[in-house]
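Student: Okay, handing you the structure first.
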Amino acid sequence: MNEEKHNVKAKRVDRGLTVAIIALLINVITVSVSLYQSKIMREQQYASAWPYLEWVSLYNQNDGYRLEVNNNGVGPAIIKEVDIRLNGKQVDDLKTVFDYVLDSTYYPYTSGRIRNRVIPAGTTVRLAKINDDLLSELAFYSLDSIDFTMNICYESIYGETWTSTGTAVL
């Protein structure tokens, strides 16, 4: 009879241990699912504020020449650095580029800067505009034929960093 009581107690302990292990497994699975959901929510939060900058050189006979930066993303772009190069050498600004391309320091144009600015989502910033027909055409085709690069390094509000090299983003 003592043996039977001992076996019953052993079975009860085994059942109790089994229930405890199952409860522990359920808790581990619950924590894992919760962590995974948090990761997905964080990624969605980052994606909801993702800027996407492109700069384009445009020309048509009616509107002249334009050099513009577009934020085609869904979040603001915080401009950290702008690297402008002409024939492999770094230059300070676009005026230097247009002086070289147009072979003159006097020409009718307007320009803007983007260094240390925030460009909201869906916004276009005009960096340069030339209205004169001949100078517009010369600027567009000359910039296309020389070694001109402009790299714009920018961040999201979460500190993620990208570099726009025109229509490509690295």
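Student: Name the residue farthest towards the positive end of the dipole of the chain from the options Val33, Phe140, Val97, assuming +1 on Cβ of Lys and Arg, -1 on Cβ of Asp and Glu, about the Cα centre.
Tutor: Towards the positive end, the residue furthest out is Val33.
Student: For the chain, what does the helix formula give at 222 nm: sum of -39500 (n - 2.57) over DSSP H segments with n ≥ 4, over the residue count, nearest 500 deg cm²/dmol?
Tutor: That comes out to -14000 deg cm²/dmol.
Student: Still on this model: List the aspartates and glutamates whose alpha-carbon lies under 19 Å from that of Lys39, not counting same-chain residues fewer than 8 positions away?
Tutor: Straight-distance partners of Lys39: Glu160.
Student: Okay, moving on. Suppose R0 equals 22 Å. What FRET efficiency, 1/(1 + (r/R0)^6) with r the Cβ-Cβ distance, do Leu134 and Thr165 give to the nearest 0.05?
Tutor: Calculated transfer efficiency: 0.15.
Student: Would you mind calculating the gained length between Thr105 and Met41 on full extension (0.36 nm times residue separation, minus the Cα-Cα distance), in nm to one decimal?
Tutor: Working it through step by step, the gained length comes to 17.7 nm.
Student: Mind grabbing the accessible area of Asp147 for me, 1.4 Å probe, Å², rounded to tens?
Tutor: 80
Student: Now a separate question. Roughly how tilted is helix 133-145, in degrees to the nearest 10 and between 0 and 90, from the longest Cα axis of the chain?
Tutor: With rounding to tens, the tilt is 50 degrees.
Student: Which value, in debye to the nearest 20, gives the size of the charge dipole of the chain about its Cα centre, when Lys and Arg are +1 and Asp and Glu are -1 at the Cβ?
Tutor: That gives the chain a dipole magnitude of about 1380 debye.
Student: Rounding to the nearest 10 and keeping the result within 0 to 90°, find how far the Cα-based axis of helix 2-47 lies from the longest principal axis of the chain.
Tutor: 10
Student: May I ask you to derive the relative contact order of the chain, considering only C-alpha pairs under 8 Å and at least 6 residues apart, and to give it as an integer percent?
Tutor: The normalised contact order for the chain reaches 27 percent.
The values are calculated or read from the model by the stated rules, or taken from the named source; none is laboratory data. Fair warning: this is a prediction, and the values are worked out from it, not measured in the lab. Note that we place each Cβ from the backbone using ideal geometry, even for glycine, and neighbour counts take in every protein chain shown. Side chains are part of the model used for accessible areas, which takes the heavy atoms of the whole protein and leaves out ligands, DNA and RNA. Shrake-Rupley method; radii C 1.70, N 1.55, O 1.52, S 1.80 Å.
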